[in-house]
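Have a look at the structure below before the remarks.
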There are 2 protein chains.
Amino acid sequence: MRLARSISELRALRTDLPEPVGFVPTMGFLHEGHLSLARRAHKECAAAVASIFVNPTQFSPTEDLAAYPRDLDRDLAMLESAGTDVVFAPTSDAEVYPPGYATWVTVGGITERLEGASRPTHFRGVATIVAKLFLLVRPQRAYFGQKDAQQALVIDRLIADLNFPIELVVAPTVREPDGLAMSSRNTYLSPVERRAAPALRRALDLAESLWQDGERSGAEIRSRLTALLRADPLARVDYVSVADPDTLEELETVGPRALVSLAVRIGKTRLIDNTVLPPGSPLLERRTSCS
Amino acid sequence: MRLARSISELRALRTDLPEPVGFVPTMGFLHEGHLSLARRAHKECAAAVASIFVNPTQFSPTEDLAAYPRDLDRDLAMLESAGTDVVFAPTSDAEVYPPGYATWVTVGGITERLEGASRPTHFRGVATIVAKLFLLVRPQRAYFGQKDAQQALVIDRLIADLNFPIELVVAPTVREPDGLAMSSRNTYLSPVERRAAPALRRALDLAESLWQDGERSGAEIRSRLTALLRADPLARVDYVSVADPDTLEELETVGPRALVSLAVRIGKTRLIDNTVLPPGSPLLERRTSCS
């Protein structure tokens with residue numbers, strides 16, 4: 001495994017990689033979710049590249065940029081074990097956003113809902129850093145986790161709209177044994193909060209069982225999930241959404257597919273999770289797994 | 001020369017091109033200015049690609065999108081004579097901006113001044129189409145004319161900020177014998193307007209001679225050029241700018257370099273032109289001509 005600490009080092013290492021290149025962008029402090037993406041990139045592509053960069057432009061001034069957990073040595077060991085060939089871990093924010101930086105990539109429509117509603121500049125930061133990393137790494141395939149479902153939809157739109165010659169692979173959410181979706185932010189949870197956190201997965205299980213029992217009312221599903229989450233005294237519901245996966249518009253009636261997504265604060269930690277109905281459906285309608 | 005009328009045709013033709021690829025994006029209705037770029041791409045690169053697309057997103061609803069002159073057959077013959085290998089001329093706007101299109105590239109700062117001040121969404125459209133074309137054509141070099149100086153500065157910023165692996169070449173403005181900068185919009189001018197149009201070049205000549213006589217006051221240069229232009233009854237001055245070429249901020253005192261740029265309406269036709277002081281200086285400070 002080779003480590004690039006600058007853009008010029010990355011460009012030099014990229015030149016020698018066999019194609020197809022698979023790319024896993026991360027903010028570091030890796031967990032099994034990231035590693036499942038890295039292993040898949042290694043298995044399905046001739047070379048696997050990962051990036052580790054806590055992207056400041058996707059945090060708002062009130063968010064946890066400074067506190068975001070970091071452990072580069074541990075991340076590098078984990079990526080090496082997953083078969084990653086090149087890691088891009090820039091030494092500073094200025095390497096990525098030098099003085100005078102002025103260019104932004106925005107995806108409209110779906111970014112105004114859900115995460116975008118409470119984090120108005122978040123997806124501008126995400127789309128911009130991903131566009132930059134795509135241009136630096138020039139992958140044939142990019143791997144994202146379904147845990148951040150709206151992010152995956154934004155990247156799907158970005159790839160299609162700007163004509164990136166990249167296949168997007170959205171991999172299943174990896175969970176702890178009790179159902180909590182893996183997230184670098186889980187480290188913020190106190191022991192008592194950690195015990196409350198699987199309420200998100202239980203709410204998604206309820207959505208799936210309601211659907212299987214024939215429930216098709218978006219309002220009823222939202223109401224039942226909200227009630228389940230509110231039953232936990234540590235949980236504060238930010239949103240419970242039952243939406244069209246293409247537009248993220250809330251559904252009155254669940255049609256052929258629906259994205260059920262949640263954002264819930266457990267103490268000070270904001271957790272998100274989601275599932276697609278019918279249970280087991282892919283997030284993206286067209287085929288996105290590797291050929 | 002091969003013609004691609006769709007994105008998929010372009011992708012297929014691009015695969016077979018030797019590198020480096022030189023790219024000349026145009027809105028068609030070509031003139032000698034475009035051809036000087038196409039010839040240079042042909043001479044300096046292993047393959048030359050041109051695009052012909054009247055990009056709707058860089059026109060405001062009140063501008064001349066529908067009236068913009070078009071002549072594809074003539075354009076293709078001209079590009080062939082200039083040694084172009086592949087032309088991308090999509091058959092429809094929807095090929096480039098399909099239904100549901102939602103992604104925009106914005107360059108801040110310099111886009112709010114000069115052309116951007118009177119055309120607020122213009123450079124968003126320019127940056128977006130150029131980013132898309134760069135991703136489709138994947139050139140090693142891109143050729144733009146200095147006549148649209150602010151556009152060249154925006155593309156320079158776009159390339160640097162999004163990490164496009166592209167060398168920007170800004171080629172000198174090509175002029176009619178009487179000094180009028182070549183522009184597809186010159187075709188709008190009536191005979192009497194056409195005779196008034198070289199006033200722009202005379203104003204730039206005045207700026208150069210003032211500078212050579214030691215004049216360094218931005219206000220004085222602006223004032224003298226404005227007076228010259230206003231002397232023509234057909235001319236209405238939109239702006240006369242003496243600005244820092246890096247920031248486009250108006251200069252009180254002309255320092256090591258200044259961009260003198262003009263926008264003037266002759267009748268209903270809005271013309272732009274510019275020169276860099278000291279006379280003969282490049283628009284971009286760092287070296288951008290081909291190695």
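The values are calculated or read from the model by the stated rules, or taken from the named source; none is laboratory data. Predicted model only: the values in this text are computed from it and were never measured. Quick reminder, even Gly has a Cβ in these numbers, built from the backbone with ideal geometry, and neighbours come from all protein chains shown.
Here are the numbers for the structure shown:
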quantity	calculated
Residue check, B:L189 within 20 Å of the chain's Cα centre (by Cα), away from every other protein chain (no Cβ under 14 Å), surrounded by 20 or more Cβ atoms within 10 Å (Cβ to Cβ) and not small (G, A, S)	yes
Subset of region A:224-247 [out of contact with any strand residue (DSSP E or B) (no Cβ under 8 Å at 6 or more places or on another chain) and aliphatic (A, V, I, L, M)]	A:A227, A:L228, A:A231
Matching residues in region B:74-108 - criterion: being under 25 Å from B:K43 (Cβ atoms) and among the acidic types (D, E)	B:D75, B:E80, B:D85
Residue that is farthest from A:V107 (Cα to Cα) [pool: residues in region B:89-115 that are within 7 Å of chain A (Cβ to nearest Cβ) and crowded, with 17+ Cβ neighbours inside 10 Å]	B:G109
Which listed residue, of B:G214, B:G179, B:G218, is crowded, with 20+ Cβ neighbours inside 10 Å and at pLDDT 95 or above	B:G218
Of all residues making up region B:57-86, the number that are outside any loop (DSSP other than H, G, I, E, B), among the aliphatic types (A, V, I, L, M) and buried (at least 21 other Cβ atoms within 10 Å of the Cβ)	2
Hey, B:L259 modelled with pLDDT of 95 or more, surrounded by 21 or more Cβ atoms within 10 Å (Cβ to Cβ), part of a loop (DSSP other than H, G, I, E, B) and under 18 Å from the mean Cα position of the chain (by Cα) or not	no
Residue list for region A:256-276, restricted to those being in contact with a helix residue (DSSP H, G or I) (Cβ under 9 Å, 6 or more places away or on another chain) and more than 16 Å from A:V237 (Cβ to Cβ)	A:A258, A:L259, A:T275, A:V276
Residue match in region A:110-117 (condition: of a type outside the set (D, E, K, R) and under 30 Å from A:D16 (Cα atoms))	no
In region B:116-140, the residues that are among the small types (G, A, S) and at the interface with chain A (Cβ under 7 Å from one of its Cβ atoms)	B:A131
Candidate set from region A:161-178 (those that are in contact with a strand residue (DSSP E or B) (Cβ under 9 Å, 6 or more places away or on another chain) and of a type outside the set (A, V, I, L, M, F, W, C)); member that is farthest from the other protein chains (Cβ to nearest Cβ)	A:R175
Hits in region B:160-174 - residues which are of a type in the set (V, I, T) and under 18 Å from B:L136 (Cβ atoms)	B:I166
Residue ID - nearest to the chain's Cα centre (by Cα), chosen from residues in region A:1-56 that are of a type in the set (G, A, S) and in a loop (DSSP other than H, G, I, E, B)	A:G28
Odd one out for A:I7, checked against (1) exposed (fewer than 14 other Cβ atoms within 10 Å of the Cβ); (2) within 14 Å of chain B (Cβ to nearest Cβ); (3) touching a Leu at 6+ places or on another chain (Cβ under 8 Å)	(1)
Output for region B:229-254, where each listed residue is assigned to a loop (DSSP other than H, G, I, E, B), within 18 Å of B:L206 (Cα to Cα) and out of contact with any helix residue (DSSP H, G or I) (no Cβ under 7 Å at 6 or more places or on another chain)	B:A231
Sole residue being of a type in the set (K, R) and free of Cβ contacts under 8 Å to residues at least 24 places away in the same chain, chosen from B:R202, B:R195, B:R175	B:R195
Residues of region A:124-140 that turn out to be crowded, with 24+ Cβ neighbours inside 10 Å and touching a strand residue (DSSP E or B) at 6+ places or on another chain (Cβ under 6 Å), as a count	5
Residue pairs meeting the criteria (Cβ under 7 Å; at least 6 apart or on separate chains; first farther than 16 Å from A:A89 by Cβ, in region A:11-37; second in a loop (DSSP other than H, G, I, E, B) and not hydrophobic (A, V, I, L, M, F, W, C))	A:L17/A:D85; A:E19/A:Q140; A:P20/A:Q140; A:V21/A:R138; A:V21/A:P139; A:V21/A:Q140; A:G22/A:P139; A:G33/A:T173
Positions within region B:141-160 being surrounded by fewer than 24 Cβ atoms within 10 Å (Cβ to Cβ) and within 14 Å of chain A (Cβ to nearest Cβ), in sequence order	B:D156, B:R157, B:I159, B:A160
